[in-house]
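The values are calculated or read from the model by the stated rules, or taken from the named source; none is laboratory data. Because the structure is a prediction, the values reported are computed rather than measured. Quick reminder, even Gly has a Cβ in these numbers, built from the backbone with ideal geometry, and neighbours come from all protein chains shown.
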Amino acid sequence: MQVAGKVVVVTGAAEGIGAALARRFAAEGAAHVAVVDRNAEGAAATAKAIGGKAYTVDVSNGEQMAAMVAAVEADQGRIDLFCSNAGIGDGDPDRSNAASSPDAVWMRAWGVNVMAHVYAARAALPGMIARGEGHFLNTVSAAGLLSQIGGAVYSTTKHAAIGFAESLAITNGDAGIRVSVLCPQGVDTAMLRQGGDPSAQPQNLDGVMTPDEVAECVVQGLAAETFLILPHPQVLTYMQRKAGDYDRWLGGMRRLRGKMMGL
C-alpha cells in the first residue's frame, strides 16, 4: 500500500509511535488522517499539526470504537488503512513471580492490547470487504514474537495480538484485506521511559529507535505489504532460534534474565 491519497486511522496517536505515524502519513500525502486517542488534548495537538481530525476514544470500548469508525466513514466515505497502535505495558510487581499482577492489570491490558484490535476489525472490516481492499496495521511488539522479561502481562497479551492478526490475515486475505504487524524492540516512548534505566531493559540491547525511525520502517513495510514489520532486524534471527530449539532458547532467556537482574 502506498499511503498517498488514502484515508487513515491511527489510534494511540497523541504521542510516541502513533503521533509519528500520523505525521509521516500526512507527509506521505494521505488524503485524511483520523487521530484517535483517549487523551483528547494530545490527539487534538497531533491533528492540528497535520491537518487531521481528532477523536477521543477509549480503544478498549467496542461501542466507542464502532462509533468512531462510523464517524470517519461518514465524513470521508471510507477507511483505507486502520492503524491499531494503542498499547499499554506493565511490569510484574514481583519480578520473581510471573503470576503476580492483579486481575485488574490483566483485564486492562487485554482490553487495550488485544480487544482493541478486534474492535477495529469488527468495525472497519465490513466496509473494506465491500470495496475489496483495505489494510490493517496492528502495533504489537517483539514481545509478541519472543517474550518480555519481567512482563508476563505484556508478553501474553502481545502474543494474543499476533494470534488475532494471523487469523485476520488468513480469513480475509483472499478478500483483498492486507494485514501487517509492527513488532519493534526498544523505542524511545513514554512506555520505555516509565520502565526505568533503559540499559537495564533487555528489549533495548539492540538499540533504541526513535518513533520517526519506526514510522519510516512502517512506510516501507506497507509499500511491500509484508505481514511482519521488524524495525529491529535482529528479531527475525531470534525468532528463528526460538523455533529451531525452543528449550535452548528458553535457557538463553533465563540466562539473560539473570544477567539483567544481577542474579
Breaking point among (1) touching a Lys or Arg at 6+ places or on another chain (Cβ under 8 Å); (2) surrounded by fewer than 21 Cβ atoms within 10 Å (Cβ to Cβ), for Glu63:
(1)
Positions within region 88-135 being touching a Phe, Trp or Tyr at 6+ places or on another chain (Cβ under 6 Å) and at pLDDT below 95, in sequence order:
Gly89
The residue that is nearest to the chain's Cα centre (by Cα), considering only those in region 202-229 that are of a type outside the set (A, V, I, L, M, F, W, C), assigned to a helix (DSSP H, G or I) and at pLDDT 95 or above, is Pro211
How many of the residues in region 127-152 are within 12 Å of the chain's Cα centre (by Cα) and either surrounded by fewer than 23 Cβ atoms within 10 Å (Cβ to Cβ) or assigned to a helix (DSSP H, G or I) (or both)?
3
Is one or more of the residues making up region 115-132 of a type outside the set (A, V, I, L, M), over 21 Å from Met68 (Cβ atoms) and out of contact with any Lys or Arg (no Cβ under 8 Å at 6 or more places or on another chain)?
yes
Scanning for something within 21 Å of Phe164 (Cα to Cα), in contact with a Lys or Arg (Cβ under 9 Å, 6 or more places away or on another chain), among the aliphatic types (A, V, I, L, M) and not in a loop (DSSP other than H, G, I, E, B), does region 246-257 turn up at least one residue?
no
Cβ pairs under 7 Å, 6+ apart or interchain, first in region 237-251 and modelled with pLDDT of 95 or more and surrounded by 11 or more Cβ atoms within 10 Å (Cβ to Cβ), second in a helix (DSSP H, G or I) and not basic (Lys, Arg), ordered by first then second residue, are Arg241/Trp249; Lys242/Trp249
Restricted to region 161-194, and to residues that are of a type in the set (Val, Ile, Thr), within 15 Å of the chain's Cα centre (by Cα) and outside any strand (DSSP E or B), which residue is modelled with the lowest pLDDT?
Thr189
Members of region 153-174 that are over 30 Å from Gly262 (Cα atoms), surrounded by 18 or more Cβ atoms within 10 Å (Cβ to Cβ) and without any contact (Cβ under 8 Å) to a residue 24 or more places away in the chain:
Ile162
Hey, does region 2-18 have a residue that's among the basic types (Lys, Arg) and either at pLDDT below 95 or part of a strand (DSSP E or B) (or both)?
no
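Residue-wise test of (1) among the acidic types (Asp, Glu); (2) over 27 Å from Gly176 (Cβ atoms); (3) assigned to a loop (DSSP other than H, G, I, E, B); (4) touching a His at 6+ places or on another chain (Cβ under 8 Å).
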{"site": "Ser101", "(1), (2), (3), (4)": "no, yes, yes, no"}
{"site": "Ala109", "(1), (2), (3), (4)": "no, yes, no, no"}
{"site": "Ala123", "(1), (2), (3), (4)": "no, no, no, no"}
{"site": "Tyr154", "(1), (2), (3), (4)": "no, yes, no, no"}
Region 124-136 residues that are under 14 Å from Asp174 (Cβ atoms), paired with ones that are surrounded by fewer than 23 Cβ atoms within 10 Å (Cβ to Cβ) (beta carbon under 6 Å, 6 or more apart):
Met128/Ile177; Ile129/Ala175; Gly132/Gly176; Glu133/Gly176; Gly134/Ile177
Filter region 209-234 down to residues that are more than 18 Å from Val8 (Cα to Cα) and touching a Pro at 6+ places or on another chain (Cβ under 8 Å) and give me whichever is surrounded by the most Cβ atoms within 10 Å (Cβ to Cβ).
Pro231
Suppose the filter is crowded, with 23+ Cβ neighbours inside 10 Å and without any contact (Cβ under 8 Å) to a residue 60 or more places away in the chain; does Val3 pass it?
no
Criterion: among the hydrophobic types (A, V, I, L, M, F, W, C), without any contact (Cβ under 8 Å) to a residue 40 or more places away in the chain and out of contact with any strand residue (DSSP E or B) (no Cβ under 8 Å at 6 or more places or on another chain) - qualifying residue of Ala67, Ala47, Ala43
Ala67
What do you reckon, is Ala44 among the hydrophobic types (A, V, I, L, M, F, W, C) and over 17 Å from Phe25 (Cα atoms)?
no
